[in-house]
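S.K.: Structure in structure tokens, see below.
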Amino acid sequence: MRRAAGFTLLEVLIALVVLALSLGAVIQTTGEYTTNQAYLRDRTFAEWVARNQLAAMLLAGEWPSLGQKKGEAELPLGDSGEGGRSWRWVVQVVQTPEEDLRRLDIDVYPLDADDKADPLASLSGFIGKPS
């Protein structure tokens, strides 16, 4: 008698186990990639908010008072009428050893973040006293 060609039940089960483990690893990696991509997107937008706030303060041409200023921004702004994500920024104005120069420390948080959360973006800049 000839033996029938093909796989045994044990070989098929082992192949299915290997396939299931492989697909599980692929799904986990894809999930981690998606989470990381969303974090990097938010971090990029937070950097833009910080740079926009610094540019606005520099272009205003005013001598900022010492202390803390807070505000909100929405970014990105969509053309379709849908708004972007809302952000909360905090600017700390500090006097430098040079009396005609002040440092601006800008921290940006998602609007829904609590007060103890770490900022998604931090930026420092300097502004000179207008002549």
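S.K.: Working carefully through the options ALA117, ALA50, find the one that is of a type in the set (A, V, I, L, M), outside any strand (DSSP E or B) and surrounded by fewer than 13 Cβ atoms within 10 Å (Cβ to Cβ). Steps first, answer last, please.
M.R.: On the way: ALA50 fails: surrounded by fewer than 13 Cβ atoms within 10 Å (Cβ to Cβ).
From the options ALA117, ALA50, the qualifying one is ALA117.
S.K.: Which residues, counting only those in the range 53-69, are surrounded by 11 or more Cβ atoms within 10 Å (Cβ to Cβ) and among the aliphatic types (A, V, I, L, M)?
M.R.: Selection gives LEU54, ALA55, ALA56, MET57, LEU58, ALA60.
S.K.: Could I ask something else about it? Looking only at the range 98-120, count how many residues are farther than 17 Å from GLN68 by Cβ and touching a residue at least 40 places away in the same chain (Cβ under 8 Å).
M.R.: 2
S.K.: So, one more: So how many residues does the range 67-89 have that are at pLDDT below 60 and assigned to a strand (DSSP E or B)?
M.R.: 0
The values are calculated or read from the model by the stated rules, or taken from the named source; none is laboratory data. Note that the structure is a prediction, hence the values are computed from the model and not measured. Reconstructed Cβ throughout: ideal geometry from the backbone, glycine too, with neighbour counts over all protein chains shown.
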